Amino acid sequence: MLKDLAFPAKRELLPQMLTKINDEITAYVKDDKLINRLKVCAEEILVNIVDYAYPNKEADNKLFISCEYLKDKNALRFEFVDEGTPYNPLEQVPEVDINSDIDERGIGGLGIFLYTTIMDKLEYCYKDSKNHLIAIKFLDDRKAMLAGMHML
């Protein structure tokens with residue numbers, strides 16, 4: 001279990017962050033396709049925090065990562081926390097035409113589209129001057145189908 005693992009919000013530290021998350025994912029998930037999907041989700045969320053949460057890139061900006069296995073739900077729960085500008089990525093999930101030519105698509109929004117599509121439940125809140133994004137993935141296909149794509 002990762003609990004509030006703190007990192008400076010720097011792009012060059014993304015590989016270290018993703019290694020820690022990957023270690024947690026692979027401890028519980030054996031399906032390579034699902035492992036890769038979860039890694040993509042984590043990377044998209046982390047990149048958005050690093051690139052957009054903090055206007056002052058020179059400050060001592062931090063982000064916090066938690067990942068735990070919920071035995072009673074057979075699910076992985078990820079939490080990403082930052083002290084940056086308040087922003088709810090779930091408020092206006094962009095519509096993305098994945099069938100159109102890449103040159104015809106607008107810039108941005110694909111990462112949010114990916115993790116809202118791949119994860120089973122998502123929740124955002126702003127408390128104690130921090131953004132909290134929680135993402136849950138059920139590891140049992142039947143539970144995932146029952147949950148659908150509903151937000152918490």
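Points to keep in mind about this one:
- Here is the list for the range 1-96: trypsin sites (Lys or Arg not before Pro) lying in DSSP coil, each with at most 10 other C-beta atoms within 10 angstrom of its C-beta, are 30, 71.
- Separation in nanometres of the label points that stand 7 Å from Cα toward Cβ, at residue 127 and residue 35: 3.4 nm
Where a number appears in this text, it was derived from the coordinates with a stated rule and is not lab data. In this text, all values refer to a predicted model and were calculated from it rather than measured experimentally. Cβ sites come from the backbone with ideal geometry, for glycine too, and all protein chains shown count toward neighbours.
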